[in-house]
Structure formats: C-alpha cells, structure tokens
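Comments concern the structure below.
The values are calculated or read from the model by the stated rules, or taken from the named source; none is laboratory data. Quick caveat, the model's predicted, so the values are computed rather than measured. Here the Cβ is made from the backbone with ideal geometry for all residues, glycine too, and neighbour counts use every protein chain on show. In case anyone asks, the SASA skips ligands and DNA or RNA and just uses the protein heavy atoms, side chains included. Shrake-Rupley method; radii C 1.70, N 1.55, O 1.52, S 1.80 Å.
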Amino acid sequence: MRFAISIPQFVADGEFDPAGMRAFLTRAEALGFDSAWTQEQLLGTNPQLGALETMTYAAACTETLRLGCAVFVTPLHMPVHLAKSLSTLDQLSRGRLEVGVGTGGRHRPFAAFGIDGEGLVARFNEGLALLKALWTQPEVTFDGRFWQLDGAGMEPKPFQKPHPPIWFGGSHPAALKRAVKHGDGFFGAGSSTTAQFIEQVPIVRAELEQQGRDPATFGFAKRVYVVVDDDVDRARRQVSDGLGSIYRGFGAPDLTPVAVYGTPADCVRGAREVADAGAELILFTPLADPAEQLERLAAEVIPHLG
C-alpha cells in the first residue's frame with residue numbers, strides 16, 4: 001500500500017501563504033507520503049489554484065515526493081502545449097511526475113475552450129496519442145482529425161522513459177476499457193463511493209486479462225475525501241460543506257456518502273474497505289484543516305492500514 005495526500009489548492013485572492021505551503025509539502029515528504037496530488041478546475045467561483053502551476057511550486061519545495069494531477073481534462077487542452085508543460089515539469093522534478101487524464105464528461109463549457117464538444121472521446125483519444133508521440137518520437141508526423149504535424153520534434157522529452165505514468169479517471173465501462181488500452185493505471189474518482197469502486201475494479205481486471213496485459217504493470221488508486229475528527233457530527237458537517245463547495249455547479253446530489261470521516265477508527269475502517277477493494281494507492285483529500293489532517297492521518301490512520 002502507498003498513501004498520497006492532496007496539495008491544498010483552495011486559496012482566496014491574496015491569501016496564498018508560501019511558507020505554509022512549503023511547510024505542508026516538506027512535512028508530507030518527511031512523514032513518508034508517496035505522492036502529493038492536485039485537481040484541475042479551470043472555471044468556477046470556488047477559488048482554486050491551477051493544477052500544473054501548483055505541482056511546479058511543489059516540485060521546487062520537495063526532493064522525493066512524487067507529484068500528480070487527478071485528473072487533467074485533456075480535451076480542454078491543446079496537446080502540444082500540455083505535452084511541453086508536462087515534459088518540462090518531469091525534467092524539473094527529476095522524474096517525479098504522475099499524469100491523470102479524463103474526458104471530463106459532456107457537461108463542460110466547451111465554447112470557452114474553442115471546441116463544441118462533438119467527438120469528445122475521439123478528441124480525447126487523439127490528444128493522448130499525440131502526447132505520447134511527442135514524448136517518445138524524435139520527429140512526429142501526425143495526420144489526425146483534430147491535429148496535424150509534419151516532421152515536428154519536441155525536446156526535451158520527459159525525464160521518465162518512455163513517459164510519466166498515465167492514470168485514467170472515469171466510471172463508465174467504456175472509460176475503464178480505455179484505461180487498460182492506453183494507460184498505466186485506473187484512478188477511482190473521489191466523487192464515487194467505495195461500493196462503486198468495488199464494482200469498477202473487477203471490470204478493469206477482466207479487461208486486463210482480455211487484452212493480455214500483465215496486471216503487475218497496471219495500478220489501482222482511489223481518491224478518498226476525508227475528515228479525521230473525534231466529533232463525528234462536526235466531521236459530517238465539514239464533509240458536507242467541503243464537498244458542496246468543490247462540486248457546486250455540477251448538479252451533484254449529497255456526496256457525503258463518498259467520504260470517509262469521523263474518529264480515527266472510523267477512518268481506518270473506511271480506508272481499509274477501499275484498500276480491500278483493490279486500491280494500491282489511496283489519495284487522502286482532507287476537507288478540513290490540511291496541516292492538522294496531514295498529521296492525524298500519518299499518526300492515527302495510516303499506521304493501521306499496513
């Protein structure tokens with residue numbers, strides 16, 4: 001089992017604390033967390049720092065902590081720009097990058113990004129193929145539906161060879177099959193329950209067998225929203241308020257059941273269910289004071305999950 005922590009990204013205008021961020025990241029590294037992750041939300045009224053920029057800042061503050069985003073909604077990005085930025089970050093961090101990708105679904109403001117949303121999956125697949133080509137080929141000639149290149153090169157390539165690990169988000173069976181076909185791992189969404197993750201893992205494993213892939217080369221991870229608090233009612237309120245803020249505007253129902261919250265024993269029990277379902281990496285995403293939750297997770301929850 002490996003354990004990860006979310007990097008605090010919710011920062012109001014003018015309130016970013018550089019020293020506090022550095023302290024959080026270096027403490028996470030010292031406590032032995034495997035990696036630290038961001039989320040991507042480009043538009044919205046909730047003040048959230050950009051994923052790529054936050055990861056770059058984190059890379060400069062740490063030495064060994066791996067850094068990821070779960071997930072980049074890649075159809076909203078230009079693949080050439082994204083390939084260059086991620087390759088650069090992998091070089092700057094000396095090979096500590098993890099890349100999560102997803103289609104993001106059809107309820108996105110596509111016009112704001114100069115696309116119409118038609119052929120969303122085709123755009124996603126083609127963009128990922130172009131990312132990989134730019135990361136691995138000396139010269140790229142690419143004749144796609146959305147993008148075309150003729151003998152184009154991109155240097156430097158990522159520090160990790162052939163490229164950073166690519167994790168797939170998504171919940172539809174077709175998305176799970178794409179994860180096996182094109183990715184290095186499946187990342188269960190924080191907005192999905194443990195019960196849903198339990199249903200998804202066998203689908204992915206069956207597809208690994210169907211496609212003849214070695215299961216040892218494919219990872220399973222799950223984001224877990226969490227609040228460790230001896231006052232269970234207070235924890236529930238913090239979960240409800242936190243998730244309501246994150247998913248405001250998505251028309252989501254009450255998401256409290258997706259979270260793990262309450263006493264340390266409650267959180268151990270909830271996280272163990274995720275591990276037993278097949279998660280090899282658990283990404284804890286605190287919905288209360290991040291620094292306090294970091295310490296409580298490391299001292300009171302993780303030691304009981306080994």
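Helical content alone sets the calculated 222 nm signal of the chain at -12000 deg cm²/dmol, taking -39,500 (n - 2.57) per DSSP H segment of four or more residues and averaging over every residue. Based on alpha-carbon atoms, the Kirkwood radius and the radius of gyration of the range 104-162 give Rg/Rh equal to 1.05. Dividing the radius of gyration of the alpha carbons in the chain by their Kirkwood radius gives 0.95 for Rg/Rh. The convex hull of the Cα atoms of the range 93-223, projected and averaged over all directions, covers 9.4 nm². Indicate the gyration tensor shape class of the range 218-257 (rounded, prolate or oblate), computed on the Cα atoms with a ≥ b ≥ c the square roots of the eigenvalues: a/c under 1.5 is rounded; otherwise a/b larger than b/c is prolate and the rest oblate. Here the range 218-257 falls in the oblate category. The C-alpha atoms of the chain define a longest principal axis, and helix 120-136 lies at about 80 degrees to it.
Accessible surface computed residue by residue for the chain, with neighbouring protein chains in place and a 1.4 Å probe, gives 46 Å² per residue. Helix 18-30 versus the longest principal axis of the chain: what is the Cα-based angle in degrees, 0 to 90, to the nearest 10? Once rounded, one gets 90 degrees. What is the list of residues in the range 207-236 whose amide nitrogen lies under 20 Å from a point 7 angstrom out from the Cα of Glu280, following Cα to Cβ? Hits in the range 207-236 for Glu280 at 20 Å: 207-224.
For the chain, the longest principal axis of the C-alpha atoms and the axis of helix 194-210 are separated by about 30°.
Counting lysine pairs in the chain whose alpha carbons fall under 24 angstrom apart, excluding pairs fewer than 8 residues apart on the same chain, gives 13. The value of relative contact order for the chain, using C-alpha pairs under 8 Å at least six residues apart, is 17 percent.
Computed from point charges on the beta carbon alone (+1 for Lys and Arg, -1 for Asp and Glu), the dipole magnitude for the chain about its Cα centre is near 620 Debye. Reported to the nearest whole Å, the Cα centre-to-centre distance from the range 49-80 to the range 1-41 is 12.
With all protein chains in place and ligands, DNA and RNA left out, the 1.4 Å accessible area ranks Ser240, Ser192 as Ser240, Ser192, largest first.
With N counted as the residues of the range 58-137, its alpha-carbon radius of gyration over 2.2 N^0.38 Å works out to 1.19. On the chain, 52 percent of the accessible area sits on carbon and sulfur atoms, based on a 1.4 Å probe.
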